[in-house]
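Where a number appears in this text, it was derived from the coordinates with a stated rule and is not lab data. These numbers were taken from a predicted model, which means no experiment stands behind them. In this analysis, Cβ positions are derived from the backbone assuming ideal geometry, glycine residues included, and neighbour counts consider all displayed protein chains.
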């Protein structure tokens with residue numbers, strides 16, 4: 001990554017990191033008091049010049065832009081060429097993206113239906129509860145997700161009669 005590309009990404013200069021015995025520690029701001037083998041500052045360390053901070057191992061953290069829908073921050077590393085800490089960007093695997101919103105990956109099937117279906121057919125909710133199968137409501141409670149591993153033959157007829165009102169899905173693979 002070239003320095004010219006990175007400079008606009010420095011949004012919060014007060015965030016610093018330091019490699020301490022192989023572990024990168026992130027600081028939301030430089031400390032005011034600081035003690036090391038080289039110095040003992042009772043107050044005002046954060047006001048010292050950048051060269052002093054760098055001698056003590058403190059370098060700015062550069063936040064990179066990424067698409068959280070398809071990417072995530074990976075491990076932090078020190079960019080020696082440009083003198084700052086930043087993050088690797090990792091692609092999120094397609095399967096992980098496909099499983100978003102699948103509330104219970106331990107079940108391979110789900111039925112998506114309007115919540116009013118439970119009002120019209122309360123036996124569905126009772127059967128799900130008796131069999132300890134999860135029902136999840138959408139945030140606005142207009143949709144419910146019923147999770148299971150199989151749709152029994154006796155329930156398939158009801159599902160067929162409600163075609164267009166509900167959707168039966170298999171877990172993405």
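For labels at residue 27 and residue 63 in the simple 7 Å Cα→Cβ model, what's the distance in nm?
About 1.9 nm separates the two model spin labels.
If the elastic network links every pair of Cα atoms under 10 Å, which of 96, 37, 71 fluctuates the most in the Gaussian network model of the chain?
Its mean-square fluctuation being the largest, the pick is 37.
Which of 62, 151, 35 ends up with the largest GNM mean-square fluctuation for the chain, with Cα atoms connected below 10 Å?
35
Could you tell me the center-to-center distance, by alpha carbons, between segment 96-173 and segment 19-63 in angstrom?
If we compute the Cα centre of each part, the gap is 54 Å.
Match the structure shown to one of the listed values [x] 55, 17, 14; [y] 38, 27, 13; [z] 31, 17, 14 of semi-axes √(5λ) of the Cα gyration tensor in Å, computed from it, and give that label.
Comparing each candidate, only [x] matches the computed number.
How big is the antiparallel share of DSSP beta bridges in the chain, given as a percent to the nearest 5? Don't jump to the answer; show the numbers that get you there.
On the way: 29 of 31 bridges.
Bridges in the chain are about 95 percent antiparallel.
With a 10 Å cut-off between alpha carbons and a GNM built on the chain, which of 94, 69, 120 moves the most?
120
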